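A short worksheet on the structure shown next.
We did not get these values from a lab; they are worked out from the coordinates using the rules stated. Here the structure is a predicted model, which is why all the values come from computation and not from measurement. Positions of Cβ are generated from backbone atoms using ideal geometry, with glycine treated the same way; all protein chains shown enter the neighbour counts.
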Amino acid sequence: MLRIFLKEAMHDFERRSGCKLTYEQLAAATGLSVSTLQSIASRAAYNPRLSTISTLCEALDCGPEILLRRTPIKVK
């Protein structure tokens with residue numbers, strides 16, 4: 001399963017740039033709503049469009065390997 005690690009990508013951006021981003025600032029930079037960003041950051045099963053991932057990568061100046069990670073699927 002691919003998961004989006006938005007908070008971690010935002011921390012990585014801060015570390016690289018020295019600029020801390022809030023969800024509000026990221027929303028303004030991407031055109032995404034704050035509630036969408038919060039959902040992406042907190043809901044493991046959130047399924048955004050590929051264009052949303054691309055937009056986030058552009059705003060955070062990173063590749064998808066920073067934002068996305070494969071995690072094992074938990075078998076019940």
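Can you tell me, using C-alpha contacts under 8 Å and at least 6 residues apart, the relative contact order of region 2-68 as a whole percent?
45 percent
Take Ile73, project a point 7 Å from its Cα along the Cβ direction, then tell me which residues of region 36-55 have their backbone nitrogen under 19 Å from it.
In region 36-55, the label zone of Ile73 (backbone N under 19 Å from the point 7 Å along Cα→Cβ) covers 44-48.
Using a Cα-Cα cut-off of under 15 Å, which aspartates and glutamates could be cross-linked to Lys20, ignoring same-chain neighbours fewer than 8 residues away?
Partners found: Glu8, Asp12, Asp61.
About the Cα centre, and with charges only on the beta carbon of Lys, Arg (+1) and Asp, Glu (-1), how big is the dipole of the chain? Nearest 20 debye, please. Numbers along the way, then the final one.
Details: 11 positive and 7 negative charges, 102 e Å.
Approximately 480 debye in magnitude.
If you keep only loop residues by DSSP, which trypsin sites (Lys or Arg not before Pro) in region 1-31 have at most 14 other Cβ atoms within 10 Å of their Cβ?
Lys20
What residue among Leu26, Leu37, Leu50 shows peak mean-square fluctuation when the chain is described by a Gaussian network model with Cα springs under 10 Å?
Judging by the Gaussian network model, the answer is Leu50.
Taking the radius of gyration and the Kirkwood hydrodynamic radius from Cα positions alone, what is the Rg/Rh ratio for region 2-68, to two decimal places?
0.91
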